[in-house]
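Here's the structure, in structure tokens; my notes come after.
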Amino acid sequence: MDDASDLGRRAARALFNQWAPPRAYRGGMPVMVAGRGARLTDERGRSYLDGLSGLWCAPLGCGRPELVERVRRQLETLSYAPLAWTAHRPGVELAERLLALAPPGLERVFFCSGGGEGVDAALKFARRYWHGQGRPRRSVILHRRRAFHGATYGAASVSGGAELREPYAPLLPDTLEVCAPGCCGCPDDAHKPDCAAACVRRVEEALLSAGPERVAALIAEPVGAAGPVRLPPPGYWPALQEMLRRHGVLLILDEVLTGVGRTGAWFAASHWDIRPDLMILGKGLSGGCAPLGAVLLSGRVARALEDAAVPGYTFGGHPAACAAALETLAILEREGLLANAAARGEELRARLREAAAPYPWAGPVSGLGLLCSLRLRLAPGQGSGLMEHLREQGLLCLVEDEALCLAPPLSVSAPEIREIAGIVAKGLAEIQGHKT
């Protein structure tokens, strides 16, 4: 950025930011200083539409006074208490609320500080479950191709993508990559009639090759969202669950990104009646106010661990974070924001299709609720150039060479959706200008 402020240049010198090498921002970067709703303001006074809810973490946007007040009251009342040998009221109430909203069969909640920690904890719970059953050899964790489950060592070990794994090897042993929806050659949102059966059959073949007596669990997102949003083909989830039950394999459902209303339902699991043994939450759970994650355990798993003292996390289930989550859930319900996510998501996808229609290298559009992506077929490096162009036009989002990803706050308005789509349309025209 040629016009970076002094603070932006200081940030480039002092910070090692996430997901971007220091070389990418050594000239400076925007520094956000304020936010209200779906809009952020940097230190130069420039306004941006937050098209990604931060990192999918702010379902209410910024600056909700009732959320700030709830956290303030909690910090004044009880600023810290570990969920170890004691409990606290926000933790108890939040656990009860999550269990009331969750898929049937989930009975206990383990709190941590975020989604990556939640994934690590769920992997440990799965292996600890089989250890308690006298079957410690059941340690293999199946994970799906192209999945992203987080940046901790455990989460990276069950994520796809060489850039997430190879530079940090060796990772956890006893992990095995299996087929994901779309890996059988089906295009997004245009699955073949037998696509679900083919995908599940490939997962079962890998399971049988590893030996069912050695497989502990499969970890999967209900909707693939690492890059383009990948919806499962019809019938996939019922068939996959039936196959896992037949072999006694636990299902770990990663709802870190898709949970808490993002897809227009409390949890994406409800779109397909998924009944997991372990379910992981994070991202928007606390409204973006504080680090918080959770693992929900089924009765089967929880009862098997009644005598297990499972190691935890110092700040897992922090009272203020739990208070923020309770208020976030209350606002989502009170203001009908799940329905808003469904409606605004439909509108956003329709407008993205219109914007992409003139360009053979753009499309299809896919998504569920306010989790949207536009497929792109760009030359290496063009994605990052498009992302910078959109930022300069006032839209914060994620763009790679193969997809543009959008996930605005669930409170986003119809005029803001039109504004987001308009900026994207101008960005696509800019790319087309470079191609011709």
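Some points to look at:
- Residue check for PRO59: within 25 Å of the chain's Cα centre (by Cα) and open to solvent by 40 Å² or more (accessible area, probe 1.4 Å): no
- Members of region 191-230 found to be open to solvent by less than 60 Å² (accessible area, probe 1.4 Å) and either part of a loop (DSSP other than H, G, I, E, B) or at positive phi (or both), listed by number: HIS191, GLY211, GLU221, PRO222, VAL223, ALA225, ALA226, GLY227, PRO228, VAL229
- Counting only helices (runs of 4 or more DSSP H) that sit completely within region 272-386, those holding 1 or more residues that are within 30 Å of ALA24 (Cα to Cα) correspond to 337-356.
- Set side by side, the residues GLU335, GLU388 differ, and just one is in contact (Cβ under 8 Å) with a residue 40 or more places away in the chain, open to solvent by 20 Å² or more (accessible area, probe 1.4 Å) and of a type in the set (D, E, K, R), which is GLU335.
- Some residue of region 231-250 being in a strand (DSSP E or B) and open to solvent by less than 10 Å² (accessible area, probe 1.4 Å): yes
- Counting only residues that are closer than 12 Å to PRO228 by Cβ and open to solvent by less than 40 Å² (accessible area, probe 1.4 Å), region 396-420 holds 5 of them.
- Matching residues in region 216-245 - criterion: being out of contact with any His (no Cβ under 9 Å at 6 or more places or on another chain) and β-branched (Val, Ile, Thr): VAL229
- Test: residue in region 264-274 that is in contact with a Gly (Cβ under 8 Å, 6 or more places away or on another chain) and of a type in the set (Val, Ile, Thr): no
- If only residues of region 1-46 that are outside any strand (DSSP E or B) and touching an Asp or Glu at 6+ places or on another chain (Cβ under 6 Å) are counted, the one that is modelled with the lowest pLDDT is SER5.
- Annotation note: of LEU83, LEU49, LEU75, the sole residue that is of a type in the set (A, V, I, L, M), open to solvent by 40 Å² or more (accessible area, probe 1.4 Å) and not in a loop (DSSP other than H, G, I, E, B) is LEU75.
- Out of LEU410, LEU374, LEU352, LEU390, sole residue that is closer than 20 Å to LYS283 by Cβ and at pLDDT 95 or above: LEU410
- Some residue of region 89-102 being of a type outside the set (Gly, Ala, Ser), in a loop (DSSP other than H, G, I, E, B) and surrounded by fewer than 23 Cβ atoms within 10 Å (Cβ to Cβ): no
- Every pair of residues 6+ apart whose Cβ atoms lie under 6 Å, when the first sits in region 277-306 and is within 11 Å of GLY115 (Cα to Cα) and open to solvent by 20 Å² or more (accessible area, probe 1.4 Å) while the second is part of a loop (DSSP other than H, G, I, E, B) and modelled with pLDDT of 95 or more: LYS283/CYS57; LYS283/VAL256; LYS283/LEU257; PRO291/SER113; PRO291/GLY114
- Residue list for region 1-40, filter: open to solvent by 40 Å² or more (accessible area, probe 1.4 Å) and within 24 Å of ALA407 (Cβ to Cβ): LEU15, ASN17, GLN18, TRP19, PRO21, ALA24, MET32, VAL33, ALA34, ARG36, ARG39
- Scan of region 28-68 for residues that are more than 26 Å from ARG13 (Cα to Cα), in contact with a Ser or Thr (Cβ under 6 Å, 6 or more places away or on another chain) and without any contact (Cβ under 8 Å) to a residue 60 or more places away in the chain, ordered by number: ARG39
- Considering GLY116, GLY54, the condition of being at positive phi and outside any strand (DSSP E or B) is satisfied by GLY54 alone.
- Within the option set TRP19, TRP56, being within 27 Å of THR258 (Cα to Cα), in contact with a Lys or Arg (Cβ under 7 Å, 6 or more places away or on another chain) and not charged (D, E, K, R) holds for one residue only, TRP56.
The values are calculated or read from the model by the stated rules, or taken from the named source; none is laboratory data. Only a predicted model underlies this, so the values are computations on that prediction, with no experimental measurement involved. A quick note on method: Cβ atoms are made from the backbone with ideal geometry, for glycine too, and the neighbour counts reach across all protein chains shown. Heads up: the accessible areas ignore ligands, DNA and RNA and are worked out on the full protein's heavy atoms, side chains in. Shrake-Rupley method; radii C 1.70, N 1.55, O 1.52, S 1.80 Å.
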